[in-house]
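The values are calculated or read from the model by the stated rules, or taken from the named source; none is laboratory data. Keep in mind the model is a prediction, meaning the values are calculated, not measured. So basically every Cβ, Gly included, is an ideal-geometry build from the backbone, and we count neighbours across all protein chains shown. Accessible surface areas use protein heavy atoms only, side chains included; no ligands, DNA or RNA. Shrake-Rupley method; radii C 1.70, N 1.55, O 1.52, S 1.80 Å.
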Amino acid sequence: MALLLGLLWPLQLFNDVVLRIGRAIAIVAIALMVVAILIQVFFRYVLNNPLPWPDEAARFAMLWMTGLIAPMAYRRGGFVAIDMAVRALPERLAAILSLFLLIVAGVVLGWAVDLGWNDVTGFMSRAKTASLYYLNADLEWVKMPRRWMMSSLFVGVVLLFIVNLELFLRALITMLGGGDRLAPLAPPEDELMAE
Amino acid sequence: MLIWFLPVFLFFLLIGLPVFFGLLAAPGILLWMAGQEKDITLLYRNVYNGMDSFPLMAIPFFMLAGELMNKGGITVRLVEFSQALMGHLRGGLAQVNILSSILFAGLSGSAVADTSALGSMLIPAMEKEGYTRRFAAAITAASSVIGPIIPPSGIMIIYAYVMGESVAALFLAGIVPGILVGVGLMFMVRAVADRYELPPARRVVIAGTELRPVEYWFSFILVRFNIGWLLAQFAPLGPEPSDTAEWLALGGGFVVAHGLMLGLRRAVSRDFRMVCKRAVVPLQTPILILGGILAGVFTPTEAAAVAVAYALIVGFGILHTMKLSDLPQVLSRAAMTSAVVLLLVGAAMAFKTVVSLSYAPQILAEFILALSENPLVLLFLINVLLFIVGMFLDAGPAIIILGPILAPIFTDLGVHPVHFAIIMSVNLTVGLATPPMGLVLFVASAVSGERVETIARAILPFLAIEVVVIFLITFVPAISMTIPRLTGFVQ
């Protein structure tokens, strides 16, 4: 038990800190999405002169918003699932089922991390974005590489994998009877409002 | 072999694997077993490509607009307005609850937001008036399903994106069905009023309310501008009117609208006028969204961003109900809920690829067509299936999973894709209020403190009328198709 708790705390600390930073960046990202689209609305409909970059910039922000805040939603139990079986089973069996589900999720995420790494370092990533520029070290405006956008999902699945690892250890500790020694995770901040 | 991905997926889903992982695990495992590893790479890439979409951006924007409006205190204004309009009808506050849901639906597009916002206000008020708590919670949950049917609607954006339909057409097609659900519920309330011995109804018009000068003049101009613009559309200006003629028509419409308002002013009390004026600012949101899309001014995504800007202007500049310190929380909630949905949609696009690789729709189509060749019988059966699915799964994920499988079958049978989208959306949305896994039942229970099972029993008469409406929508396509056809969004 001590070993499991010892393994858990650095993961918990990492997730506490990194996911909070991710949430802060996601808040900025969603605000930037609104600003970018409103700029486009103004230029397209008021000045009759649409700009090339706002649509892509807003998508850039949306992808990073998703990658950075989805792990927090997962950690707080915000991913949609039919949890009737887990709730209906006796405690011990429910814990075993939870562990199995976390293993399946872990396999999917491990796969995604591997594929994501190949994607952001592979051939496709050398392409450039259509209209987003940045100032390089030589103080020249150059087009952003597409991998800066593609990395959003890769970072997202890496963070989800680490959260999954933490949840797995927590489930294992609970199954072994140490549930009362775990610090509570924050409750889901919200229901799935899209419904 | 790939056809096995469906049973494997269902197995994962039923044992409690989050839908996002299930959508990737089932096809991933089978592709791996079939040695199609290149397609697994495609699976990952399609998640990314599925999320990297301009139309999808409407989801976080509409969520944000709804959050901002809610935080800005518009719920109380809508309820006051509904109470002044319909409080005197038999079933008083229950009717007010339904009308408030219809109005709220034009702002948020979320049944959960509707239940929590209106429920926390109306359930205690109904209890105080003498309604039982279970009845109050049941009518709140039943009417909240109107939220995702009347535009803007998160699930319709998802459907449109996953199935390649027009968001605007689906939005327009949802208006009449949403109102029909509301009217059906109102009739049911009237029908059960005597049996349930509902308290006597009374119109409540809040006395002595005042408006800040900024809001007064803002709503003054908005009402006249809206009516004036509508009237100007009927002005005989010829096929290609000049800008001057259009401005003159708008100005004329504005003056006529002002005259109409002056006429109405004498017919109603000052308090009633004030309550109506307080509802003008929030009710402008659906006008802005739908008006912008219909007039061809905005795309749905841009309309959603404009709705966010409007909600910010209202909250900070007109009603002064929001503080800067409220923003991080609001933005965070919208970002988090959108992220979950966006990931699901990305996974759905990957899932869709495997659906087509596996020939599942063709195999299922053969099975379904073997049951009957009559589209009406099949539509009946599919409604039963959707209703059962809706009892266990939320509307968004259900649409993501079943849309790509079922829609092509019924489109081939001659059902219009927009009509089928509405059948599916309304049916699965009603599923949000059905036990055992009704999301809004859980929220209504949390808000009211009543047990889920008790609410689930009390909601049955209202669910019955919603089922009747589902079948009406199914067998009378004109209910959903008339507005999109009249406006030219559907041929």
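B:His320 contributes an accessible area of around 90 Å² to the protein surface, as traced by a 1.4 Å probe with all chains present.
With N the number of residues in region A:108-157, Rg(Cα) / (2.2 N^0.38 Å) evaluates to 1.31. Taking a ≥ b ≥ c as the square roots of the eigenvalues of the alpha carbon gyration tensor, region B:357-407 is oblate, as a/c is not under 1.5 and a/b does not beat b/c. Note on surface exposure: B:Glu80, B:Glu366, B:Glu453 rank B:Glu366, B:Glu453, B:Glu80 by accessible area, highest first, 1.4 Å probe.
For chain A, what does the alpha-carbon gyration tensor say about shape, rounded, prolate or oblate, given a ≥ b ≥ c as the root eigenvalues, a/c under 1.5 as rounded, and a/b over b/c as prolate?
Numbers: a/c = 2.66, a/b = 2.05, b/c = 1.30.
Note, shape of chain A comes out prolate.
For the protein assembly as shown, the fraction of C-alpha pairs farther apart than 32 angstrom is 53 percent.
Compute the length gained on full extension between B:Asn374 and B:Phe475: take 0.36 nm times their separation in residues and subtract their Cα-Cα distance, giving the result in nm to one decimal.
On the way: separation 101, 0.36 × 101 = 36.36 nm, distance 1.26 nm.
Gain on stretching B:Asn374 to B:Phe475: 35.1 nm.
Ranking B:Pro461, B:Ser120, B:Leu439 by Cα position along the charge dipole of chain B, where only Lys, Arg, Asp and Glu carry charges on their C-beta atoms, puts B:Ser120 farthest toward the positive end. Label reach from B:Trp32 (point 7 Å along Cα→C-beta): in region A:92-118, amide nitrogens under 13 Å belong to A:103-115. The modelled label-to-label distance for the pair B:Ile363/A:Leu135, using points 7 Å beyond Cα in the direction of Cβ, is 5.8 nm.
By the gyration tensor of its Cα atoms, with a ≥ b ≥ c the square roots of the eigenvalues, what is the shape of region B:1-58: rounded for a/c under 1.5, prolate for a/b over b/c, or oblate? In terms of gyration-tensor shape, oblate.
Ordered from largest to smallest accessible area (heavy atoms of protein chains, 1.4 Å probe), the residues B:Glu165, B:Glu37, A:Glu56 come out as B:Glu37, B:Glu165, A:Glu56.
With the convex hull constructed from alpha-carbon coordinates only, chain B shows a mean projected area of 25.1 nm² over all directions.
Close amide H contacts of A:Thr129 (hydrogens built in the peptide plane, cut-off under 5 Å, sequence separation of 5 or more or a different chain): A:Met144, A:Arg146.
In terms of Cα atoms, the Rg and Dmax of region B:115-243 work out to 20.7, 61 Å.
Between A:Ile96 and B:Phe234, the distance separating the two model label sites (each 7 Å from Cα on the Cα→Cβ line) works out to 7.3 nm. Based on the Cβ-Cβ distance from B:Asn49 to A:Trp53, what FRET efficiency comes out when R0 is 22 Å, to the nearest 0.05? Efficiency at R0 = 22 Å is approximately 0.60. The accessible-area ordering, largest first, of the residues B:Lys71, A:Lys143 stands as B:Lys71, A:Lys143, per a 1.4 angstrom probe.
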